[in-house]
1. Could you quote the convex hull projected area for the chain, Cα atoms only and averaged over all directions, in nm²?
2. With every protein chain kept in place and ligands, DNA and RNA left out, what is the accessible area per residue of the stretch 126-268? Probe 1.4 Å, answer in Å².
3. In the stretch 80-115, which residues have a backbone nitrogen under 18 Å from the label point lying 7 Å from Tyr39's Cα in the Cα-to-Cβ direction?
4. Quickly work out the Thr265-to-Asn172 label distance, labels modelled 7 Å from Cα along the C-beta direction, and quote it in nm with one decimal.
5. Report relative contact order for the chain in percent, whole number only (criteria: Cα-Cα under 8 Å, sequence separation at least 6).
6. Please work out the FRET efficiency for the pair Asn198 and Asn127, using the Cβ-Cβ distance as r and a Förster radius of 22 Å; give the result to the nearest 0.05.
7. Over the stretch 25-116, what is the relative contact order in percent, taking alpha-carbon pairs closer than 8 angstrom and at least six residues apart?
8. If you average the sequence gap of Cα pairs under 8 Å that are 6 or more apart and divide by the length of the stretch 42-199, what percent do you get for the contact order?
Amino acid sequence: MKKKKLFISTMLISITGLNSCLIDGGNKQSASAYGVLRYNDYSSLCLYSTFVDPVSSPQLSQLVSEGKMQPNFCYTFNFEIDYDRPENTRATLLSNGYYTVTINDYTQLPTFYVNPHLTDTTAAMENEIPVSNGYVSAAYAAEYIYIQQTVNQPSDAQLNWDISFEYASITNPKVESGIRYYDLFVRAQTLTEGTKSNTDVSHLNAFYMSNFFNLVAQNEKTQLGANYSSTSTFKFRIFYVKEIKDGVLTWHSSLPQEAYISAFTENY
């Protein structure tokens, strides 16, 4: 099971959700990622994120004790990792399951939960607003998917985000050119109107997706049968409302995302 926790963020093939660079003058790396703060099997606080392996820091316990961070909450964070530290040898990583890093800054992310009952995709939701451009990025790590979208709105407006899928479609997905696609539908609603002028605002949200991906992976493994292997993958898409005009919704989709089935079905 430890290996599954170590490498769970590598399951998404197409988009990693990670920015990093090497620091001059040493075997160090500066990186940014997003993930969830959790205790590991040995009661150590770790960030399970879009970085390749979990990371930890003595700072995390202090931040939790001060009420500045909370376990089971999601964060975007910048950090520095020194691979020459004794705590970061490969043997130590395999033993305790994480790299020790320095956290430079962090921001808590809004978190939502996937709904297995698809919303009515033919009608606008109450106070629904469209996504203003076609850029949708997504990355998956430790049972959460992180989706970034842009909305034209007052910068001080408060939004609610909804993500849903049709439960029946798991065993009967759409097939295009011989490929099975599993579809998610993301929507935005205004909760409180803002007072400032409209501008393009980027939103990065965390969505808890464990049940969706587990269901999809199990169905794909069944469908593949004897053709299944540890490198088998499945594809899913994220649909969003591009335009709302006279009550009519125009839907667009992200590029297909690809994930390893074994990340959700195999115990290591």
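1. Details: hull surface 66.9 nm².
Its average projected convex-hull area is 16.7 nm².
2. On the way: 6680 Å² over 143 residues.
In whole numbers, the stretch 126-268 has 47 Å² accessible per residue.
3. Within reach of a label on Tyr39, which here means backbone N under 18 Å from a point 7 Å along Cα→Cβ, the stretch 80-115 contributes 96-98.
4. The two pseudo-label positions are separated by 2.2 nm.
5. Numbers: 595 pairs, mean separation 53.0, N = 268.
Here the relative contact order equals 20 percent.
6. On the way: r = 15 Å, r/R0 = 0.68.
It comes to 0.90.
7. On the way: 159 pairs, mean separation 29.5, N = 92.
Reported as a whole number, the value is 32 percent.
8. Numbers: 238 pairs, mean separation 32.9, N = 158.
Computed over the stretch 42-199, the figure is 21 percent.
The values are calculated or read from the model by the stated rules, or taken from the named source; none is laboratory data. Because the structure is a prediction, the values reported are computed rather than measured. Glycine also receives a Cβ, built like all others from the backbone with ideal geometry; neighbour counts cover every protein chain displayed. Areas reflect the complete protein model, heavy atoms only, side chains present, ligands, DNA and RNA absent. Shrake-Rupley method; radii C 1.70, N 1.55, O 1.52, S 1.80 Å.
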